[in-house]
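Report on one structure; see the data block that follows.
The values are calculated or read from the model by the stated rules, or taken from the named source; none is laboratory data. Source: prediction; values computed, not measured. Positions of Cβ are backbone-derived with ideal geometry, glycine not excepted, and every protein chain shown enters the neighbour counts. The accessibility values were calculated without ligands, DNA or RNA, using every heavy atom of the protein model including side chains. Shrake-Rupley method; radii C 1.70, N 1.55, O 1.52, S 1.80 Å.
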Amino acid sequence: MSAEPFVASLRQQYQEISAKLESAQAFAEREIVKREIIALFKQVDGTLTELGQLKEDIRQLVDKYKQQAADTATAPAPMFTGQRPVVQADHIGASTFIEKGWSLISLGDYSGAIQALEKALNLSPNEVQAQSLLGWAQMLHEDYDDALATFSKVLMKEPANSLARINVGYICLKKRIFGEAIEHLSKAIRLDNDKKATLYAHFYLGLVYQQREMYEDAQTFFEKTLKLGPNLIEAYYELGRARWFGGDRERAQRTWEDGAKANKFNPWGKKCQETLDATHKGQEPPRT
């Protein structure tokens, strides 16, 4: 439902009152106009208050959706994280677009988020938070080249930004630039200044070595991942694959069994169970 008819109605009232004020001559006429101005102001002010509260309620829906999405995520991309941006009373309005971009990323509207964040950067080109969020949106939209360029700008300004660094590592993994992926992910582990970044750095290094068929190294990083974050169920699945293709098939099956038991409702827990069942029937797990 569009707000345009309602706004047009208020605008019409404004025009009518303005015309009356122009033509009012007597004191009594101006008093009538004054009361109409006050009434219109109160109506608009009350509507803005209600809309402001509704906007806050919608923000709570966004947070709830984001939490549920985190609980059931199936994509291997880094889970979008970070505190909601604070909308500041800046005269150029960039922070409003930053907050809008954050909300749209949380809802999965990556193209809309990209548009909002590009507007923010047009208004405030050096805003690192906007650049970082734009990189997230581009990466999740699978615009990997654009995301790589954006995160590179972030890292030039904030070399110790571990989340930006593991995102670069993930993008390099997707583009099969394994050397650079290892470099960025290893540096994030050395920095060790963000728990989520450290967790995903280990996980993605495991994926890098798995894709290179270096299964012992992959197992090492997946095992460390599960020590750091036992709720990252996809690590059970990938550890099972690394053990299977590394020749330790019994341990691989036990790993998938553990993953299924850890969270049978999680999509990766279900995938562990499906893979376990398939291998018991003599089938091979997928290599990719």
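With every protein chain kept in place and ligands, DNA and RNA left out, what is the accessible area per residue of the range 166-288? Probe 1.4 Å, answer in Å². Walk me through the numbers on the way to the answer.
Details: 6300 Å² over 123 residues.
Computed with neighbouring chains in place, this is 51 Å² per residue.
Order ILE17, ILE177, most accessible first, counting only protein heavy atoms with a 1.4 angstrom probe. Kindly include the intermediate steps, with their values, before the conclusion.
Values: ILE17 20, ILE177 55 Å².
Ranked from most to least accessible, the order is ILE177, ILE17.
Which residue, ALA39, THR150, THR198, has the largest displacement toward the positive end of the dipole of the chain when charges sit on each Cβ (Lys, Arg +1; Asp, Glu -1)?
Result: THR198.
Among MET139, MET214, what's the order by accessible area (1.4 angstrom probe), most exposed first?
Numbers: MET139 5, MET214 70 Å².
Result, largest first: MET214, MET139.
Go ahead and estimate [θ] at 222 nm for the chain from helices alone: -39,500 (n - 2.57) per DSSP H run with n ≥ 4, summed, over the residue count, rounded to 500.
On the way: 13 runs with 218 residues, N = 288.
Mean residue ellipticity at 222 nm (helix-derived): -25500 deg cm²/dmol.
Probe 1.4 Å, all protein chains in place: accessible area of ARG287 in Å², nearest 10?
150 Å²
For each pair in LYS227/LYS270; LYS153/LYS195; LYS55/LYS187; LYS153/LYS227, compute the distance between the two Cα atoms and list the pairs where it is over 29 Å.
Details: LYS227/LYS270 21 Å; LYS153/LYS195 23 Å; LYS55/LYS187 40 Å; LYS153/LYS227 32 Å.
With Cα atoms farther than 29 Å apart: LYS55/LYS187; LYS153/LYS227.
LYS20: which aspartates and glutamates have alpha carbons under 13 Å from its alpha carbon, excluding same-chain residues fewer than 8 sequence positions away?
GLU29, GLU31, GLU36
Where nothing but the Cβ of Lys and Arg (+1) and of Asp and Glu (-1) is charged, how large is the charge dipole of the chain around its Cα centre, in debye to the nearest 20? Let's see the in-between values first.
On the way: 37 positive and 39 negative charges, 129 e Å.
I would put it at about 620 debye.
Set Lys and Arg Cβ to +1 and Asp and Glu Cβ to -1, take the dipole of the chain about its Cα centre, and tell me which of THR255, GLY269, ASN167 lies farthest positive.
Result: THR255.
Whats the longest run of the chain with zero GluC sites (Glu not before Pro) that are DSSP loop and have at most 16 other Cβ atoms within 10 Å? Provide the component values of the computation, followed by the final result.
Details: sites that count: GLU142, GLU213.
Answer from the scan: 1-141.
Per residue, how much accessible surface does the range 109-154 expose to a 1.4 Å probe? Answer in Å², no decimals.
Values: 2040 Å² over 46 residues.
Accessible area per residue, the range 109-154: 44 Å².
Roughly speaking, to the nearest percent, how much of the chain's 1.4 Å accessible area is carbon and sulfur?
52 percent
From Cα pairs below 8 angstrom and at least 6 apart in sequence, can you work out the relative contact order of the chain, rounded to a whole percent?
8 percent
Hey, which aspartates and glutamates would be in cross-link range of LYS175, C-alpha to C-alpha under 13 Å, not counting anything within fewer than 8 residues on its own chain?
Result set, ordered by chain and number: GLU142, ASP143, ASP145, ASP146.
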